[in-house]
Amino acid sequence: QKSNPEPKGTGLTAYETMPLGTMATMTFDPGDPAYLAAPYPVLARLREQDPVHWNDVLEAWFVTRYAGVREGLRDPRLSSDRVRPFFEAQPDGARRALAPLEANVSRWAVFVDPPRHTRLRALMSHAFTSRAVERLRSSVASRVEELLAPLAARDEFDLIGDFAWPLPAGVIADLLGVPREDVPRLKDWSDELSGFVFSGRNVQAKYERAARGVAGMAEYFARLIEAKRARPDEGLISALVSATDGGERLTAEELEAMCVLLLFAGHETTTHLIGNGMLALLQQPSALAELHARRGDPVFVECAVEELLRYDGPSIAQGRVAAEEFEIGGRRIRRQDRVFLMQGAANRDPRHFEAPDVLMLDRNPNAHVAFGFGIHFCVGAPLARLEGNLAFPRLLGRFPRLELATAPEWQDSLVIRGASRIPLRVVR
């Protein structure tokens, strides 16, 4: 698994001392459509003037400088166990209604701390390795061509619905051993769950919808797991069923939760890597022309994908909860305070990246934090990178001239950066 190297000369042994500015009263609404469409100017102001920003409306901290974000991602005082306190705070009636959601999501590796996280991650890593992902190269390439072929005859298409979503959804389904015909149904359940997981503030009845979605997926995977127990195959579910760590295996409930997590998260990252990346290229035609011209150079393509991840990656923030009271950059963080580590802002920090607002496809080194950092570094990063490395050259090879047909429709989320639709027009 490729991870980010320790950057030289940053001295990340403690949080950077961050001078306080004049932004404490800044109006910052992550649900504002203007912010969702163009968050980086706002994040730049926060990063320069109030890099540890308290938001009264959201009652949460926002950390925006690279040093603070990277250190925060590996600081054990900032807990990933942030959904359990939410459920525990619900009235009895509401908690009972959300029981399916709590039972599944509270077992996700991304929402637990060591030692529980260590055990789940170790068991998952037996089946989800770089070598296993690399074996998918030919099937991913075939899937890319299969999706692009029917688009060649069209004058317009939706990049998300017609390509950027079906590609990773089909790949993760194949990896898990899920029949392709079941993917649309799983997608519907996944969409119902996303409002809760991705902190969508304006999603109506998001908790009830999420409970319904996760219940559907959990029931589906419970049946599929039993079928794989009876007749093992080469898929990931069979590998997870047989995975052991020091003699321990995943429980039935943990298996269901891990399958839901992998299906849910397995397509989101790549979908928005492709969507955001193409938007960035369309906005900077010289970079698009360079990637088109050098699409046959795999080393350059890998470098370009890393830069697209840095420039406008699919994860704009990771949420944490303070496990104890401590200080970040001169600000006192209280126990149980919510803290958002703004990866998108960190990846544009001029203290770490030269010309950070410029898309430099040959940028190297590129120690971005688009996939996180530390023990919660995205386990699906190798798969997302493989899909990006295969998708962009083939997409540009098939469609060297594209333009936006209408403005993208951005998702309402505190943590995911992506569009639900990107209508494109083919220029003949």
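The values are calculated or read from the model by the stated rules, or taken from the named source; none is laboratory data. Please read all numbers here as calculations on a predicted model, not as lab measurements. Calculation scope for accessible area: heavy atoms of the full protein, side chains included, ligands and nucleic acids excluded. Shrake-Rupley method; radii C 1.70, N 1.55, O 1.52, S 1.80 Å.
The stretch 63-140 and the stretch 309-360 have their alpha-carbon centroids 18 Å apart.
Would you look at the GNM of the chain, springs on alpha carbons closer than 10 Å, and say which of Phe399, Phe157, Phe86 moves the most? Among Phe399, Phe157, Phe86, the largest GNM mean-square fluctuation belongs to Phe86. For the stretch 188-321, the square roots of the Cα gyration tensor eigenvalues, ordered a ≥ b ≥ c, give a/c of at least 1.5 with a/b no greater than b/c, which places it in the oblate category. Which of the three applies to the chain, rounded, prolate or oblate, going by the alpha-carbon gyration tensor with a ≥ b ≥ c and a/c under 1.5 meaning rounded? Verdict is rounded for the chain. Ligands, DNA and RNA are left out, and with a 1.4 angstrom probe the accessible area of the chain is 42 Å² per residue. Long hydrophobic helices in the chain: the complete DSSP H runs spanning 27 Å or more by Cα along their own axis with mean Kyte-Doolittle hydropathy of at least -1.0 are 206-230, 252-283. Across the chain, the relative contact order, built from alpha-carbon pairs under 8 Å that are at least six residues apart, equals 26 percent. Please state the shape class of the stretch 42-83: rounded when a/c is under 1.5, otherwise prolate if a/b exceeds b/c and oblate if not, all from the C-alpha gyration tensor. Since a/c reaches 1.5 but b/c is at least a/b, the shape of the stretch 42-83 is classed as oblate. Build a GNM of the chain with springs between Cα atoms under 10 Å: which of Leu308, Leu263, Leu151 gets the top mean-square fluctuation? Greatest mean-square fluctuation among the candidates belongs to Leu151.
Near Arg74, no amide H atom lies under 5 Å from its own; only residues 5 or more places off or on other chains count, and H is placed 1.01 Å from N. Highest mobility in the GNM of the chain, judged by mean-square fluctuation with C-alpha springs under 10 Å and restricted to Arg84, Arg180, Arg74, is found for Arg180. Each stretch of four or more DSSP H residues adds -39500 (n - 2.57); spread over every residue of the chain, this sum gives -14500 deg cm²/dmol at 222 nm.
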